[in-house]
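Taking it in order: structure first as structure tokens, then the write-up.
The values are calculated or read from the model by the stated rules, or taken from the named source; none is laboratory data. On a predicted model such as this, the values are computed, not experimentally measured, just so you know. Cβ atoms come from the backbone with ideal geometry, glycine included; neighbour counts cover every protein chain shown. Please note that ligands, DNA and RNA were not included when accessible areas were found on the heavy atoms of the full protein model with its side chains. Shrake-Rupley method; radii C 1.70, N 1.55, O 1.52, S 1.80 Å.
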Amino acid sequence: MEDNRIPRHIGFIMDGNGRWAKKRGMPRNYGHTKGADVFKKCIDWCKELGVECATFYAFSTENWNRPKDEISGIMNLLRRYIKDIRKTADNDTRIIVLGDKSRLDKDICDDLIDLEEKSVNNRGFTAGIALNYGGRAEIVRAAQLIANDCVSGKISPEDIDEELVENLLYTSEMPPLDLIIRPSGEKRLSNFLIWQAAYAELVFMDVLWPDFTKKDLQSAIEEFAARNRRFGGI
Ligand code: IPE
Ligand code: IPE
Ligand code: MG
């Protein structure tokens with residue numbers, strides 16, 4: 001495959017954990033555990049295939065509507081994951097958290113800030129983790145930051161353009177989003193990267209996230225490579 005046929009930035013909607021567990025007569029959190037394993041492997045697959053950056057949707061602003069025990073199960077997986085990356089000293093991956101960390105438990109929030117700070121100069125790969133993330137909330141946050149700068153006189157409303165908004169999104173230091181992959185058979189974005197998705201290619205797959213393999217990733221990238229991206233041109 002030619003290099004421009006490889007997406008620079010892929011967004012993954014890691015969906016289908018609950019149904020995967022249910023099919024096996026297991027509790028939903030068993031599915032999340034398996035899903036977390038695939039998440040870790042998927043970072044390696046992306047690196048092996050030459051992708052520069054991937055953002056993983058791990059917990060949405062709407063996922064707070066789930067039962068308490070499911071939420072605490074997901075948060076404990078996150079704690080385990082943070083410990084894991086701390087142990088791998090040879091890491092060349094930069095971690096960027098998308099979403100409002102302050103609503104997470106304080107230990108998780110502090111550890112995530114620490115991970116982001118310690119990995120800020122890693123250049124091998126960028127992994128975004130969307131946690132308590134919502135695309136609408138992200139745009140509202142940017143609007144508030146802009147409004148503050150207008151009120152303080154730092155900028156005037158005429159200065160507001162797409163570039164200014166983009167610089168205030170969580171993805172400001174990532175390459176443009178080229179591709180979104182959603183397994184599980186659902187065909188919607190569920191509030192994931194809605195601004196950034198404006199010209200991303202969307203690939204929906206029936207496989208449930210815990211069953212997602214490197215082959216599935218390759219076939220999504222092949223589909224991406226075969227698409228004709230026009231960006232409004234001809
Ligand atoms: C995605 O899997 C993981 C999170 C939203 C945290 P789900 O838990 O949504 O799995 P399904 O959609 O119920 O199968
Ligand atoms: C989207 O999946 C959120 C994550 C994968 C973290 P959901 O399972 O929450 O989405 P809906 O409810 O089916 O739209
Ligand atoms: Mg789901």
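Across region 170-186, the number of residues qualifying as more than 14 Å from ligand 2 (Cβ to nearest atom), among the acidic types (Asp, Glu) and out of contact with any helix residue (DSSP H, G or I) (no Cβ under 8 Å at 6 or more places or on another chain) comes to 1. Taking Met174, is it closer than 22 Å to Phe12 by Cα, within 16 Å of ligand 1 (Cβ to nearest atom) and touching a residue at least 12 places away in the same chain (Cβ under 8 Å)? Criteria not met by Met174.
Among residues of region 42-88 being among the hydroxyl-bearing types (Ser, Thr, Tyr) and either within 16 Å of ligand 2 (Cβ to nearest atom) or at pLDDT 95 or above (or both), the one that is farthest from Ile13 (Cα to Cα) is Ser72. Would you check if Ser72 is polar (S, T, N, Q), open to solvent by 20 Å² or more (accessible area, probe 1.4 Å) and touching a Cys at 6+ places or on another chain (Cβ under 9 Å)? Criteria not met by Ser72. Of all residue pairs spaced 6 or more apart or on separate chains, those with beta-carbon atoms under 6 Å, a first member in region 185-209 that is touching a residue at least 12 places away in the same chain (Cβ under 8 Å) and a second member that is within 12 Å of ligand 1 (Cβ to nearest atom) and basic (Lys, Arg) are Phe204/Arg182; Leu208/Arg19.
Put simply, of Arg227, Arg136 the only residue that is open to solvent by 50 Å² or more (accessible area, probe 1.4 Å), within 16 Å of ligand 2 (Cβ to nearest atom), modelled with pLDDT of 95 or more and not aromatic (Phe, Trp, Tyr) is Arg136. Restricting attention to region 187-224, the residues that are more than 16 Å from ligand 2 (Cβ to nearest atom), of a type in the set (A, V, I, L, M) and open to solvent by 30 Å² or more (accessible area, probe 1.4 Å) add up to 1.
The set of residues from region 178-196 being more than 16 Å from ligand 1 (Cβ to nearest atom) and either farther than 20 Å from Phe39 by Cβ or in contact with a Cys (Cβ under 9 Å, 6 or more places away or on another chain) (or both) comprises Ile194, Trp195. Report whether or not Tyr81 is out of contact with any helix residue (DSSP H, G or I) (no Cβ under 9 Å at 6 or more places or on another chain) and either among the aromatic types (Phe, Trp, Tyr) or buried (at least 17 other Cβ atoms within 10 Å of the Cβ) (or both). No. For region 144-165, the set of residues classified as free of Cβ contacts under 8 Å to residues at least 12 places away in the same chain and under 25 Å from Glu116 (Cβ atoms) consists of Gln144, Asn148, Asp149, Glu163, listed by residue number. Take region 202-232 and flag every residue that is within 13 Å of ligand 1 (Cβ to nearest atom) and either outside any helix (DSSP H, G or I) or of a type in the set (Val, Ile, Thr) (or both). Once the filter is applied, which keeps residues that are within 13 Å of ligand 1 (Cβ to nearest atom) and either outside any helix (DSSP H, G or I) or of a type in the set (Val, Ile, Thr) (or both), region 202-232 yields Asp206, Val207, Leu208, Phe212. Reported count of residues in region 164-201, each being more than 14 Å from the chain's Cα centre (by Cα), within 26 Å of Asn17 (Cα to Cα) and not in a loop (DSSP other than H, G, I, E, B), is 1.
From Asp15, Asp92, which residue is within 22 Å of Met174 (Cβ to Cβ) and within 14 Å of ligand 3 (Cβ to nearest atom)? Matching residue, one of Asp15, Asp92: Asp15.
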